[in-house]
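Shown next, in structure tokens, is the structure this report addresses.
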Amino acid sequence: MRRLRLQALGLAALAAAGPLQAQGPAGWLQADGFYHHVTNDFGDWKGLGIQAHVPTGTTNVWFGELIAQEAFKDRGVYLSGANRHQFGSDWFTFVGVGGGTGDYYFPDLRVDAQVGRAWLGRKNLVTTVGAMYANSKSVYQDVALTGSVAVYLPGVTIEGGGRVNWSSPGQVTTGRGYGAVTAGRERKRFVTLRVAGGYEGYQLTGAVETEQKFSSYEASLSWREWLGGHVGTFIQLDWYHNPYYTRNGITAGVFRHW
């Protein structure tokens, strides 16, 4: 599975959020830029992004993301959108679709779909199950099943989950897990530490020989700070490692909250 930026920063990570009634009026628009150094001459990552998170009433949140970047010496633009719909106080769905330009890195099509449920009297235990499909610009395709569990405590959120991914051609099966802890409060600050590891199927780097069935590990630390009023700053540090290269980078941006 190709390592899309949205897996760490964007739409899919928002699907497991708690019930909309518990979140408050959390709408925002963010603009950011990022730079990642990649070893072994694979080509550094750099680019700009815009993300939107727009609640409509108490049952829907709409997400959008636009990324213009260079990764593995391939330049492209990726556009995605998603909806999270609340059914009563317990159940919700998340559906997202996206696609990108370029020679090989961004997929032509990616679709995510998840179903979630909030448990317990305070609805602060949330589980999700879902699926993902991605179709590259060449012959490669990915299908994945995902699952997660999140616990919302006063000032702290703890989340863990995993995915099983089937890549073709070659029928390469891989598994991957992650854990994350977020501390903070809305309109104050959020600090998130996330770690992940496991195996990946294919990775399209532009090299003559595509990497296949390899282990990789990653970690990120992000800080979202409200500066007063309706504006704030965002910064994230990323580390990623597999047998072929290491990637270290930073993302920084500003957001408008309402």
> Going by the structure shown, is Glu218 under 21 Å from Trp239 (Cβ atoms), modelled with pLDDT under 95 and in contact with a strand residue (DSSP E or B) (Cβ under 7 Å, 6 or more places away or on another chain)?
Replying inline: no
> Can you tell me which residues in the range 121-150 are crowded, with 19+ Cβ neighbours inside 10 Å and among the hydrophobic types (A, V, I, L, M, F, W, C)?
Replying inline: Val126, Met132, Ala134, Ala144, Ala150
> What number of residues within the range 224-258 satisfy the criterion of being without any contact (Cβ under 8 Å) to a residue 60 or more places away in the chain and under 25 Å from Pro55 (Cβ atoms)?
Replying inline: 11
> Just for the range 151-202: of the residues that are within 22 Å of Phe106 (Cα to Cα) and free of Cβ contacts under 8 Å to residues at least 24 places away in the same chain, which one is surrounded by the fewest Cβ atoms within 10 Å (Cβ to Cβ)?
Replying inline: Gln171
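Could you please let me know if Arg84 is of a type outside the set (Phe, Trp, Tyr), over 24 Å from Ser220 (Cα atoms) and touching a residue at least 40 places away in the same chain (Cβ under 8 Å)? Can you show your working first?
Working: of a type outside the set (Phe, Trp, Tyr): yes; over 24 Å from Ser220 (Cα atoms): yes; touching a residue at least 40 places away in the same chain (Cβ under 8 Å): yes.
Yes, satisfied.
With respect to Ser136, determine if the residue is in contact (Cβ under 8 Å) with a residue 40 or more places away in the chain, within 26 Å of Gly49 (Cα to Cα) and touching a helix residue (DSSP H, G or I) at 6+ places or on another chain (Cβ under 8 Å).
Details: in contact (Cβ under 8 Å) with a residue 40 or more places away in the chain: yes; within 26 Å of Gly49 (Cα to Cα): yes; touching a helix residue (DSSP H, G or I) at 6+ places or on another chain (Cβ under 8 Å): no.
In short, no.
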> For residues in the range 95-154 being basic (Lys, Arg) and at negative phi, which is nearest to the chain's Cα centre (by Cα)?
Replying inline: Arg110
> Quick one: in the range 171-203, which of the residues that are charged (D, E, K, R) and at pLDDT 95 or above is nearest to the chain's Cα centre (by Cα)?
Replying inline: Arg194
> Among (1) part of a strand (DSSP E or B); (2) in contact (Cβ under 8 Å) with a residue 40 or more places away in the chain, where does Thr205 come up short?
Replying inline: (1)
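The values are calculated or read from the model by the stated rules, or taken from the named source; none is laboratory data. Remember, predicted model here, so these are calculated numbers, not experimental data. Neighbour counts are summed over all protein chains in view; Cβ atoms, including those assigned to glycine, are modelled from backbone coordinates with ideal geometry.
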